[in-house]
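Visitor: Quick one: the structure is below, and I'll ask about it shortly.
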Amino acid sequence: MEHKYLAIVLGKKDVGESDRLYNIYTLERGKISAMARGVRKPGSKLAGKLENFYLIDLSLMKNKGMGNISGSIVENNFIHLRGDFDILKKVFDSVKTFSRLIREEERDAEVFRLLVDYLEAMDILARIGEAENKPKKADLISQGFVFKLLDFSGYKIEIRKCIKSGKNFSRGNNFFDYSRGGIVRGDCVSDMGSIVPISDNSIKVIRIFFQNNLASLTKLDVGDRDIKEIERVLRTFIFWVC
């Protein structure tokens, strides 16, 4: 039986002499795996239509098991990000995190749209050439993407009030508690082993992530120190939840 999906290629792995296993996120079924038989043989037309991060119309023959890919029509190849090594590396890292957080076959149209928006925003950023602060803009878009993804995936982060006391944050004395999934005031800290410091400005930036679309994040003026701090918050929390 043939099934049709709107899909994004997340990754691929060579299998045997000529086959390839694909990790794919679909609008209709969520994250799935599928095999492309003979795709690595010389002259295969399918291989060039199943590159990483392509947005495709996927045809899948499936009775039992994961199914075999029978066709692919490319809707968007996000060609500009492929010509920028730094942008492409950032996308690989973010999609790797995406794959860790998303469970198999859990359909979520919001998550699918978020992934498409992320690839579109990074493609636009890559297209503008030698833009000022381009690496910083890529960091902000990617961080915003992962924070939104965590929220959509059920790992909601509390950034409005102290997660322990419910009080407003204390100026210049707050921490991110990754065991609780939110910000805690310095005077409410009881377990030093599960917190990392976070500045007032980093808290403001994270709030902006949730209030704006990804493309608009390039307008933010954020210091290198805050970007590194936000990245540390993300990594510690993802390590905790995964």
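The values are calculated or read from the model by the stated rules, or taken from the named source; none is laboratory data. The shown structure was predicted, so the numbers you read here are calculated from the model rather than taken from an experiment. In this analysis, Cβ positions are derived from the backbone assuming ideal geometry, glycine residues included, and neighbour counts consider all displayed protein chains.
Visitor: What are the residues in region 193-232 that are assigned to a helix (DSSP H, G or I), out of contact with any Ser or Thr (no Cβ under 7 Å at 6 or more places or on another chain) and among the aliphatic types (A, V, I, L, M), if any?
Guide: ILE203, VAL205, ILE206, ILE208, LEU214, ALA215, LEU217, ILE227, listed by residue number.
Visitor: Search region 67-99 for residues being over 24 Å from PRO135 (Cα atoms) and touching a residue at least 40 places away in the same chain (Cβ under 8 Å), and hand back the single one that is surrounded by the most Cβ atoms within 10 Å (Cβ to Cβ). Walk me through how you get there before you give the answer.
Guide: Going residue by residue through region 67-99, those that are over 24 Å from PRO135 (Cα atoms) are 67-75.
Right, trim to touching a residue at least 40 places away in the same chain (Cβ under 8 Å) and you get 67, 69-70, 75.
Numbers: GLY67: 18, ILE69: 24, SER70: 16, GLU75: 13.
Per the stated criteria, the residue is ILE69.
Visitor: Something else now. Among the listed residues LEU58, LEU50, LEU27, LEU46, which satisfies the condition of being within 18 Å of GLU75 (Cα to Cα), hydrophobic (A, V, I, L, M, F, W, C) and under 18 Å from the mean Cα position of the chain (by Cα)?
Guide: From the options LEU58, LEU50, LEU27, LEU46, the qualifying one is LEU27.
Visitor: Right, another one. I'm checking my understanding of the structure. Among residues of region 44-65 that are in contact (Cβ under 8 Å) with a residue 40 or more places away in the chain and aliphatic (A, V, I, L, M), which one is farthest from SER99 (Cα to Cα)?
Guide: Taking region 44-65 as the starting set, the residues that turn out to be in contact (Cβ under 8 Å) with a residue 40 or more places away in the chain are 50-63.
Remaining after also requiring aliphatic (A, V, I, L, M): 50, 55-56, 58, 60-61.
Details: LEU50: 17, LEU55: 16, ILE56: 18, LEU58: 19, LEU60: 21, MET61: 23 Å.
The qualifying residue farthest from SER99 (Cα to Cα) is MET61.
Visitor: Kindly establish whether GLY38 is over 30 Å from PHE239 (Cβ atoms) and either modelled with pLDDT of 95 or more or not assigned by TED's automatic domain parsing to the domain that holds GLY154 (or both). First the steps, then the outcome.
Guide: Values: over 30 Å from PHE239 (Cβ atoms): yes; either modelled with pLDDT of 95 or more or not assigned by TED's automatic domain parsing to the domain that holds GLY154 (or both): yes.
Taking the combined requirement at face value, the residue satisfies it.
Visitor: Tell me which of these LEU140 doesn't satisfy, since it passes every other one: (1) surrounded by fewer than 16 Cβ atoms within 10 Å (Cβ to Cβ); (2) touching a residue at least 12 places away in the same chain (Cβ under 8 Å); (3) of a type outside the set (S, T, N, Q); (4) under 23 Å from PHE85 (Cα atoms).
Guide: Of the numbered conditions (1) surrounded by fewer than 16 Cβ atoms within 10 Å (Cβ to Cβ); (2) touching a residue at least 12 places away in the same chain (Cβ under 8 Å); (3) of a type outside the set (S, T, N, Q); (4) under 23 Å from PHE85 (Cα atoms), the odd one out for LEU140 is (1).
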